[in-house]
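The values are calculated or read from the model by the stated rules, or taken from the named source; none is laboratory data. Keep in mind that what you see is a predicted model, and the values were worked out from it rather than measured. FYI the Cβ positions are ideal-geometry reconstructions off the backbone, even for glycines, and counts take in every protein chain you see.
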Amino acid sequence: MGRAPEEVAYLRAVLAASTVAADALLAMERVAELLAPERSAALAAEIETRCGEPLGAARAALAAAPAPADLARFDEIFAAAFRHADECVGFFTSFPRAPAAERIPRILTALHHHAQAQEHFYGIRALLPPFREYWGVDPPLRAGGDAQHEAPEAPSDAAPQGPLFRVGAGGRHGGFSAYVPEQHDAARAWPLIVALHGGSGNGRDFLWTWVRDAKTRGYLVVAPTAVGATWAEEDGAGLLQILDWLGARFHVATDRVLLTGLSDGATFTLVYGLQYRERFRALAPLCGVFHPVNAANGNLERARGVPIYLVHGARDFLFPVTYAHFTRDLLVEAGADLRYRELPELSHTYPRSENAAILAWFEDCCAVARA
């Protein structure tokens, strides 16, 4: 029996819209890395030219082809995913025309929708050809099927289900989001990436800076959320609680734990990573600064021999690159095993294109330690 015309029209609209959404998300991924005060308006114009009209046409086609009743649940997920992609582009392309006080919030809101679009599309990627390999090729499905369409919140005493899950605030931490590779096998010890968001960010969104690379190379990822608006010394105890929680539920390779972060997350990658150096094999701070507490609490003495991959942008407007030079020189003097990467086109944003190099370096560090 053939499909009803209404269903065919709906599925065609979904395929076209998912193609447009995938292109928009990839374009915004590139833009997010290139953002800088002197070129953001030009990037907004570029995205508007590339994505504005196709998204509008896809939006109209979806409105003209409502979902059949038996596809209502899928449509709920897809509609939310597409809406996030559409709003990502809408907020970003409109920021140059907004009052000055609203411009940075609009950019940050666009990046939030970028992450949420990925979260929603991830669970239905197998049904959408443009998204099947967006995060890399999926391994064969495990018994029980694919992931749920969204990241469920796991009770604190429960074993999480599916590759994406969230745990609410508890103890001394502000909650966290996590990714477990679909090919996860409890008999094998899995390396772990601990990724700390920037100021006023959250772990749920920041997780998506690492999912593709973790999926491709076989890593667990956890992205905690700070208790307050940003990281503080007090969050260190909560971070240890999260590591213990994960260790009780997954076979974590405790000798292969990478701590990384952006901006304030980078600053506190050094604070926590040196203070609790026995819990982390290596540190990768991106676009952060050297916090004075590192000198006061003995962290500089602990830095000797610690592998650190320090990344900073030559165009950073918030933390000028001279801060990175200061941090580099202090860590070298303290005897850290430092690799310094100064990216000439990077401003104060996350360079996702650097992830593969960070993991290759990290795996070399782990191999040296095992030798």
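Can you name the condition, by its number, that ALA57 falls short on among (1) within 22 Å of ARG352 (Cα to Cα); (2) out of contact with any Lys or Arg (no Cβ under 7 Å at 6 or more places or on another chain)?
Tallying (1) within 22 Å of ARG352 (Cα to Cα); (2) out of contact with any Lys or Arg (no Cβ under 7 Å at 6 or more places or on another chain), ALA57 fails exactly one: (1).
Does any residue in the stretch 328-341 that is on the phi > 0 side of the Ramachandran plot come within less than 7 Å, Cβ to Cβ, of a residue that is aliphatic (A, V, I, L, M) and buried (at least 17 other Cβ atoms within 10 Å of the Cβ) six or more places away or on a different chain, and which pairs are these?
GLY335/ALA303
Quick grid of which residues meet (1) in contact with a strand residue (DSSP E or B) (Cβ under 8 Å, 6 or more places away or on another chain); (2) among the small types (Gly, Ala, Ser); (3) within 14 Å of THR269 (Cβ to Cβ):
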residue	(1), (2), (3)
HIS184	yes, no, no
ALA187	no, yes, no
ARG212	no, no, no
LEU220	yes, no, no
THR230	no, no, yes
GLU234	no, no, no
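Given the criterion more than 22 Å from THR216 (Cα to Cα), modelled with pLDDT of 95 or more and within 19 Å of the chain's Cα centre (by Cα), identify the matching residue among LEU310, LEU343. Give the derivation first.
Numbers: LEU343 fails: within 19 Å of the chain's Cα centre (by Cα).
Criteria check complete, one pass: LEU310.
On the basis of being surrounded by fewer than 14 Cβ atoms within 10 Å (Cβ to Cβ), assigned by TED's automatic domain parsing to the domain that holds ARG125 and not in a helix (DSSP H, G or I), does GLU53 make the cut? Write out each step before concluding.
Numbers: surrounded by fewer than 14 Cβ atoms within 10 Å (Cβ to Cβ): yes; assigned by TED's automatic domain parsing to the domain that holds ARG125: yes; not in a helix (DSSP H, G or I): no.
Judged against the criteria, GLU53 is not a match.
Out of all the residues in the stretch 272-286, which are out of contact with any helix residue (DSSP H, G or I) (no Cβ under 6 Å at 6 or more places or on another chain) and either surrounded by 24 or more Cβ atoms within 10 Å (Cβ to Cβ) or under 20 Å from TYR350 (Cα atoms) (or both)?
Across the stretch 272-286, the qualifying residue is only GLY273.
So which residues in the stretch 195-230 are in a helix (DSSP H, G or I) and among the hydrophobic types (A, V, I, L, M, F, W, C), if there are any at all?
To start, the set of residues in the stretch 195-230 that are in a helix (DSSP H, G or I) comprises 203-209, 211-217.
Hits for the stretch 195-230 are PHE206, LEU207, TRP208, VAL211, ALA214.
If you scan the stretch 116-133, which residues turn out to be assigned to a helix (DSSP H, G or I) and crowded, with 19+ Cβ neighbours inside 10 Å?
To start, the set of residues in the stretch 116-133 that are assigned to a helix (DSSP H, G or I) comprises 116-122, 125-127, 129-131.
Selection gives GLN116, ALA117, GLN118, GLU119, HIS120, PHE121, TYR122, ARG125, PRO130, PHE131.
Given ALA248, ALA266, ALA237, which one is out of contact with any Lys or Arg (no Cβ under 6 Å at 6 or more places or on another chain), aliphatic (A, V, I, L, M) and surrounded by fewer than 24 Cβ atoms within 10 Å (Cβ to Cβ)?
On the way: ALA266 fails: surrounded by fewer than 24 Cβ atoms within 10 Å (Cβ to Cβ); ALA237 fails: out of contact with any Lys or Arg (no Cβ under 6 Å at 6 or more places or on another chain).
Going through ALA248, ALA266, ALA237 in turn, just one is out of contact with any Lys or Arg (no Cβ under 6 Å at 6 or more places or on another chain), aliphatic (A, V, I, L, M) and surrounded by fewer than 24 Cβ atoms within 10 Å (Cβ to Cβ): ALA248.
Under 7 Å between Cβ atoms, which residue pairs at least 6 apart in sequence (or on different chains) link something in the stretch 314-327 that is within 18 Å of PRO37 (Cα to Cα) with a partner that is hydrophobic (A, V, I, L, M, F, W, C) and in a helix (DSSP H, G or I)?
ALA314/VAL321
Of all the residues that make up the stretch 196-208, how many are surrounded by fewer than 24 Cβ atoms within 10 Å (Cβ to Cβ) and either in contact with a Lys or Arg (Cβ under 8 Å, 6 or more places away or on another chain) or of a type in the set (Gly, Ala, Ser) (or both)?
3
Tell me, which residue of the stretch 168-195 that is surrounded by 15 or more Cβ atoms within 10 Å (Cβ to Cβ) and in contact with a Gly (Cβ under 6 Å, 6 or more places away or on another chain) is nearest to THR254 (Cα to Cα)?
Among those residues, the one meeting the criterion is PRO181.
For the stretch 179-194, enumerate the residues that are assigned to a strand (DSSP E or B) and either touching a Pro at 6+ places or on another chain (Cβ under 7 Å) or outside the structural domain of ASN355 (by TED's automatic domain parsing) (or both). Full working, then the answer.
Applying the first criterion (assigned to a strand (DSSP E or B)) to the stretch 179-194 yields 179, 190-194.
Selection gives TYR179 alone.
Which of the following residues is crowded, with 17+ Cβ neighbours inside 10 Å and of a type in the set (Gly, Ala, Ser): ALA22, ALA9? Full working, then the answer.
Details: ALA9 fails: crowded, with 17+ Cβ neighbours inside 10 Å.
After applying the criteria, what remains is ALA22.
Determine whether GLU38 is at pLDDT 95 or above, farther than 15 Å from ARG83 by Cα and part of a helix (DSSP H, G or I). Break it down stepwise before answering.
Values: at pLDDT 95 or above: yes; farther than 15 Å from ARG83 by Cα: yes; part of a helix (DSSP H, G or I): no.
No; evaluated as a whole, the condition is false for this residue.
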